[in-house]
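Please read the structure below before turning to the comments.
Just so you know, all these numbers are worked out from the coordinates, no wet-lab data involved. A quick note: this is a predicted structure, and the numbers were derived from the prediction, not measured. As a convention, Cβ positions derive from the backbone with ideal geometry for all residues, glycine included, and neighbour counts pool all protein chains shown.
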Amino acid sequence: MRVIVTAGPTREYLDDVRFISNASSGQMGYALAIAAQAADWDVTLISGPCALQAPSGVTIKRVISAAEMLEAVLEEWEGADGIIGAAAVADYRPKYRHPGKIRRGADPLLVELVPNPDILAECGLRKRDGQWIVGFALEPNLRELESARRKMEKKNCDAICINPATVLDEAWTELFLMDRSGEIHQRWTGPKLNVAAEVVGWIMENLVS
């Protein structure tokens, strides 16, 4: 079983020293890579910038931007059986990256942002029979699940894991798993390493033929 796991944030640079990013620590993605490796899967971890050490026995590719993460994922996707997309990929990037450092001025600085590629949606377009995709969605209100359903359909996911913003940069998580039916079928809480093992177990029982 060859599996891709994405983890951590991306950085989208305004100039050579400033960037747009988010508070993701990468802990959930790294925990999933550890759990998948413990299940004897061949794991490639594609990680955005974070302070975590590479898990033992896992192949790691480090990237910075969403474009770099997309390129790394697509290099692996054709030969993979599945992907767990736990990375917190920036939705937008600056249209222009200024060389050097933008100097402070008296006037407001206006930055034009353009959408980043949707990495799991690109995998979904290339998905062949037997491959599976598990996505992650950060939802501020867990009672409003229509956004997660739309994401699952758009990305051609087989399941999507939904968690609240409060789990960012924490060692614990609360996670709800939605399958193709659009209904919640699992809820797990606890340390991210424990929850990651539950997610991998669910994948083995429900998506691996």
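Brief remarks on what is shown
- Protection-proxy order for peptides 22-34, 119-131, 90-102, each taking the mean of Cβ atoms within 10 Å per residue, highest first: 22-34, 119-131, 90-102
- The stretch between ASP40 and GLU205 holds 57.9 nm of extra length on full extension. This uses 0.36 nm per residue minus the Cα-Cα distance.
- A simple count of charges around ALA87, restricted to other residues whose Cβ falls under 15 Å of its Cβ and scoring Lys, Arg +1 and Asp, Glu -1, yields -1.
- Net charge dipole, region 55-117: roughly 600 debye, given to the nearest 20, about the Cα centre with Cβ charges of +1 for Lys and Arg and -1 for Asp and Glu.
- The chain - mean residue ellipticity at 222 nm from DSSP helices (-39,500 (n - 2.57) per run, n ≥ 4, rounded to 500): -8500 deg cm²/dmol
- In region 112-204, Rg over Rh equals 0.98, where Rg is the alpha-carbon radius of gyration and Rh the Kirkwood radius from pairwise Cα distances.
- Eligible lysines near LYS151 by straight Cα distance, threshold 17 Å, same-chain separation 8 or greater: LYS127
- Amide H contacts of THR173: GLY190, LYS192, each under 5 Å away and 5 or more positions distant or on a separate chain (H built 1.01 Å from N in the peptide plane; Pro and chain starts excluded).
- Compactness check for region 6-64: Cα Rg over 2.2 N^0.38 Å is 1.22.
- GNM flexibility winner over the chain from SER47, SER181, SER65 (Cα, springs under 10 Å): SER181
- Unit charges at the beta carbon, dipole of region 73-178: most positive-side option, ASN141, VAL114, LEU177: VAL114
- Förster-model FRET efficiency, 25 Å R0, LEU74 and ASP129, C-beta, rounded to 0.05: 0.85
- Computed from point charges on the beta carbon alone (+1 for Lys and Arg, -1 for Asp and Glu), the dipole magnitude for the chain about its Cα centre is near 580 Debye.
- Comparing region 1-135 with the 2.2 N^0.38 Å rule of thumb, its C-alpha radius of gyration ratio is 1.16 (two decimals).
- Averaging 1/r across all pairs of distinct Cα atoms in region 52-209 and inverting the result yields a Kirkwood radius of 17.6 Å.
- For region 91-133 versus region 145-196, the gap between their alpha-carbon centres in whole angstrom: 23
- Residues THR44, THR189, THR6, arranged from fewest to most other Cβ atoms within 10 angstrom of their Cβ, appear as THR189, THR44, THR6.
- This model, with +1 at the C-beta of Lys and Arg and -1 at the C-beta of Asp and Glu, gives region 65-166 a dipole about its Cα centre of some 500 debye.
- Choice from GLY105, GLY182, GLY79 with maximal GNM fluctuation in the chain (Cα, 10 Å cutoff): GLY105
- Around GLU71: net Lys/Arg minus Asp/Glu count, Cβ-Cβ under 11 Å: -3
- Beta bridges per DSSP with both ends in the chain, % antiparallel, nearest 5: 40
- Rounded to the nearest whole Hz, the Karplus-based 3J(HN,Hα) values (6.51 cos²θ - 1.76 cosθ + 1.60, θ = phi - 60°) of region 158-172 follow the sequence 8, 7, 9, 9, 10, 9, x, 5, 5, 8, 4, 6, 10, 7, 10, with x at glycine and proline.
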